[in-house]
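The values are calculated or read from the model by the stated rules, or taken from the named source; none is laboratory data. In this text, all values refer to a predicted model and were calculated from it rather than measured experimentally. Counting neighbours? That spans all protein chains shown, and the Cβs are built from the backbone with ideal geometry, glycine included.
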Amino acid sequence: MSFDTLLKGGVLPDGTTADIAISDGRIAAIAPAIEAEAGETIDIAGNLVSPPFVDPHFHMDATLSYGLPRINASGTLLEGIGLWGELKPLLTHEAVKERALAYCDWAASMGLLAIRTHVDVCDDRLLAVEALLEVRQEIASYIDLQLVAFPQDGLYRSPGARENTIRALDLGVDVVGGIPHFERTMADGRASVTELCEIAAERGLMVDMHCDETDDPLSRHIEQLAYETQRLGLQGRVAGSHLTSMHSMDNYYVSKLLPLIAEAEVAAIPNPLINITLQGRHDTYPKRRGMTRVPEMLKHGIRVGFGQDCVLDPWYSLGTADMLDVAFMGLHVAQMTSPDDMRRCYNMVTTESAAIMGLEDYGLEVGKRADLVVLDAGNPIEAIRLRATRLMVMARGKVIARRQRSPMRLEIPGRQADIDRRFRIPDPT
């Protein structure tokens, strides 16, 4: 038997060592030892081989636009939205596409091969929608890109937003989005959740709604989203993004809310890097963390995936397309430091987010598409600790990125050493 590519000695996320054989862009075999001919045999002994990273929440229409036309001086969510409103009339199809493609190259080099991006539909030109539809097609050979029709300025608050949402879906946008807490009233917010879920149910689409992205403990739109999910039979197809108001809610109410979310099979997508920088801006001390209640959600069986949200845009002045940065920050903010919890954080930027996005051809399993990343780490916990170097990225069975492992050489008086940040710490299991 002969394969296209044979990866030798990789460490799987569960700690087992295996060879992985690849043919015709798919995983053909996984076994402790595979002795066979291959077009290319690659030694990855001792390195973590993982399914690719997945970002279930991003804004690609705004990425890499930091400083245009100015920076967010206050660092608040609302100034970021206002700044985006100033930038929108200045956008061109070419510039949006160029920045998005540059970001996708960056993402691919980091092993980030699936992204769900919200795209603003409140510009009557639908310029960003059309640009990102072209990007989706151009990167299809190495990145799965899902687009969410996102009425950034409010489905009812922004004139034409409802009609533009429908137009965007007609053009081929994948997911129905919304922002109920930005409507003029709580009642309008509830109504927008209902109507958007009805649109999704009628079209057989998924829903991913910016929900309760506020410090207001009385924001209740996730409750409405769970209700509509049940009413319309959308279980397993709906996500509530951000959910930051939950960090401020009364504990008794949350004890009612979490079982409702779990019962409706609504997923949660917190965005650690952004939630902790945008939220709590009106607090002095004590200052709220800004991220939703991840450990409590997990205890109720709610599916949680971490998103990156922003990179170098009106809301966030940093970012590297590295989902391990996201897991690292999420782990700290949620205080999820046990070995099991740290592995869960790794899953939240890989398998759990893939499930939220409905990626059926994803994973390190025989027959699945050969998308994977090899990291300079011995296990997922070590990968998070180091934000490990990507040694190789494979998409659709083809190697699209490689980097040699090169420890730093320390030379000080009387002593020399190679600095290996891995330290070869054994897996806690």
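Regarding region 82-99, can at least one residue be identified that is closer than 20 Å to Leu273 by Cα and out of contact with any Pro (no Cβ under 6 Å at 6 or more places or on another chain)?
Looking for residues that are closer than 20 Å to Leu273 by Cα and out of contact with any Pro (no Cβ under 6 Å at 6 or more places or on another chain), one finds none in region 82-99, hence no.
Among the residues of region 219-233 satisfying the criterion of being buried (at least 22 other Cβ atoms within 10 Å of the Cβ) and more than 12 Å from Thr194 (Cβ to Cβ), which is farthest from the chain's Cα centre (by Cα)?
By that ranking, first place goes to Ser219.
Filter the strands (runs of 3 or more DSSP E) completely within region 36-119 down to those with at least 1 residues that are in contact (Cβ under 8 Å) with a residue 40 or more places away in the chain and of a type in the set (Ser, Thr, Tyr).
Where strands (runs of 3 or more DSSP E) fall fully within region 36-119 and carry at least 1 residues being in contact (Cβ under 8 Å) with a residue 40 or more places away in the chain and of a type in the set (Ser, Thr, Tyr), they are 48-50.
Are any residues in region 263-279 small (Gly, Ala, Ser) and either within 22 Å of Thr350 (Cβ to Cβ) or at pLDDT below 95 (or both), and if so, which ones? Spell out the reasoning first.
Here is the first cut: in region 263-279, the ones small (Gly, Ala, Ser) are 264, 267-268.
Ala267, Ala268 - these are the residues of region 263-279 that are small (Gly, Ala, Ser) and either within 22 Å of Thr350 (Cβ to Cβ) or at pLDDT below 95 (or both).
May I ask you to verify whether Met323 is at pLDDT 95 or above, more than 17 Å from the chain's Cα centre (by Cα) and crowded, with 24+ Cβ neighbours inside 10 Å?
Here the answer is no, as Met323 does not meet what is asked.
When both residues are 6+ apart or on different chains and their Cβ atoms are under 6 Å apart, which pairs have a first residue that lies in region 321-338 and is outside the structural domain of Ile274 (by TED's automatic domain parsing), and a second that is modelled with pLDDT of 95 or more?
The qualifying pairs do not exist here.
Which condition number in (1) within 14 Å of Asn72 (Cα to Cα); (2) surrounded by 16 or more Cβ atoms within 10 Å (Cβ to Cβ) is the one that Gly307 fails?
Among (1) within 14 Å of Asn72 (Cα to Cα); (2) surrounded by 16 or more Cβ atoms within 10 Å (Cβ to Cβ), the lone unmet condition for Gly307 is (1).
When you look at Gln146, is it in the same structural domain as Ile269 (by TED's automatic domain parsing), of a type in the set (S, T, N, Q) and either part of a strand (DSSP E or B) or at pLDDT below 95 (or both), yes or no?
Yes, satisfied.
When you go through (1) within 20 Å of Pro56 (Cβ to Cβ); (2) out of contact with any His (no Cβ under 8 Å at 6 or more places or on another chain); (3) free of Cβ contacts under 8 Å to residues at least 40 places away in the same chain one by one for His247, which number turns out not to apply?
(3)
Which of the following residues is of a type outside the set (S, T, N, Q), in contact with a Leu (Cβ under 7 Å, 6 or more places away or on another chain) and surrounded by fewer than 21 Cβ atoms within 10 Å (Cβ to Cβ): Ala383, Ala417? Walk me through it before giving the result.
Details: Ala383 fails: surrounded by fewer than 21 Cβ atoms within 10 Å (Cβ to Cβ).
Answer to the selection: Ala417.
Out of everything in region 3-23 that is in a strand (DSSP E or B) and either among the acidic types (Asp, Glu) or modelled with pLDDT under 95 (or both), what residue ends up being farthest from Val374 (Cα to Cα)?
Restricting to residues being in a strand (DSSP E or B) and either among the acidic types (Asp, Glu) or modelled with pLDDT under 95 (or both), the top hit is Asp4.
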